[in-house]
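Worksheet: one structure, shown below.
The values are calculated or read from the model by the stated rules, or taken from the named source; none is laboratory data. All values reported here derive from a predicted model rather than from experimental measurement. In this analysis, Cβ positions are derived from the backbone assuming ideal geometry, glycine residues included, and neighbour counts consider all displayed protein chains.
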Amino acid sequence: MRTLTAKNMKNMKRGTVSGLSHHDPSKIEKMASRFEVFANENPASDTKRKELIDKPAFGVLFSDHMAHITWTEGEGWTDRRIEPYGPLKLDPGASVLHYAQEIFEGLKAYRHADGSIWLFRPDANAERFQNSATRLALPQLSFEDFIGSIAALVKRDNAWVPSRREYTLYMRPFMFASEPFLGVRKAKEVEYCVIASPSGPYFKGGVKPVNIWVEDTWFRTGPGGTGFAKCGGNYSASLVGEYIGIDHGCEQVCFVDAATKTYLEELGGMNMFVMYKDGHLETPCLTGTILPGVTRRSIIQLAADENRDVVEKMIKLDDLIEDIKSGEVAEIFACGTAAIVTPIGRLKSEKFDLTVNGGQPGEYTCALREKLLGIQMGEVEDKHDWMWKVQ
Ligand SMILES: *Cc1c(COP(=O)(O)O)cnc(C)c1O
């Protein structure tokens, strides 16, 4: 168990790489300038683009360009380019199609009131992408190439970054084994791309608590598996469980640990926090089966900033059930880049059906959501230098 308090967080280093603040766009400019631009000859018309930004079809429609880097065993990463968005040419024998050697990331580009465009902690995503690559035996991509590719794409397609609050350009970096080979080994050819899709508010018509199905038959991962890596395979493994949840009237599923089926882990794509009546927070510790969310990490820091204790530990499902029943638990919420902070109103399984905070969004949950969104939108002071200015 590790307890974070404001006191022992004080000595944490600010995340500066070269001494320059992330608020200085020249920091990102150098990384982005290594990408050669091949312009899309048929970009979306102004009218079409504005329509897509206004009524985003998240994950269905993408901006005019994509970032692309190719890796081979002999030459390493070459051909840094921004090219027209379009289908990839892939050999049917490509390893990814057979053995799922694939990893991805997700982050957003935010437009502030003055028109400037920013990223939230892209260095944290870069670090996680390297850890995911190591786990899947894929090559390492440098921080410079990761952040540079995203920045170069945002710069090229800057008109695609919306202005309205909670409207963003969602960036999806991903890497996969493209080598046509049916043997099982490290790939000798790999592609890395970034695509971008305009996205709108996660909750249309105000923040609403979600109902959670606690799944203990099918698991997304297990001990020694790929739980801490952001890889497509975890998501394919989670689908059956997600549909069991849907069959029980729940929007999302919370997975418990596969080894003992007794500890709370996380949702299919979001981490979880429990707030107790006395104000302290608890969240499942990173055991290797849980994805280390950037939002999770940021919330732990924000809580420490306000002298709120955060306990990272293995949370026993039975204990949590007792604490909800006895009224000790005040609020439960999920967090991730897409929805920021999401109140959980109900926990349900074959054995129990519990309402949290009367099924209403918690006061702290909502305040935390506002604070994080405020930092991302440039409305709240960015004390930890989390925001990187693209332009
Ligand atoms: C991406 C992801 C999260 C959230 O991570 P953020 O960095 O906060 O967006 C949580 N759990 C899983 C399984 C994920 O894939």
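Checked against (1) modelled with pLDDT of 95 or more; (2) in contact with a Leu (Cβ under 9 Å, 6 or more places away or on another chain), K27 meets all criteria but (1). Does region 84-100 contain any residue that is surrounded by fewer than 20 Cβ atoms within 10 Å (Cβ to Cβ), among the polar types (S, T, N, Q) and modelled with pLDDT of 95 or more? No.
Considering only residues in region 250-268 that are of a type in the set (G, A, S) and at pLDDT 95 or above, the one that is surrounded by the fewest Cβ atoms within 10 Å (Cβ to Cβ) turns out to be A259. So is T70 more than 29 Å from M387 (Cβ to Cβ), of a type in the set (V, I, T) and either in a strand (DSSP E or B) or within 16 Å of the ligand (Cβ to nearest atom) (or both) or not? Judged against the criteria, T70 is a match. Among the strands (runs of 3 or more DSSP E) confined to region 304-391, the ones with at least 2 residues that are surrounded by 15 or more Cβ atoms within 10 Å (Cβ to Cβ) are located at 310-313, 329-336, 340-348, 387-389.
Scanning region 146-198 for residues that are in contact with a Gly (Cβ under 9 Å, 6 or more places away or on another chain) and farther than 30 Å from P92 by Cβ yields a count of 6. Counting only strands (runs of 3 or more DSSP E) that fall entirely inside region 215-285 and contain at least 3 residues that are touching a strand residue (DSSP E or B) at 6+ places or on another chain (Cβ under 8 Å) and within 14 Å of the ligand (Cβ to nearest atom), the qualifying elements are 252-256, 264-267, 271-276.
The single condition from (1) β-branched (V, I, T); (2) more than 24 Å from the chain's Cα centre (by Cα); (3) under 29 Å from Y202 (Cα atoms) that T78 fails is (3).
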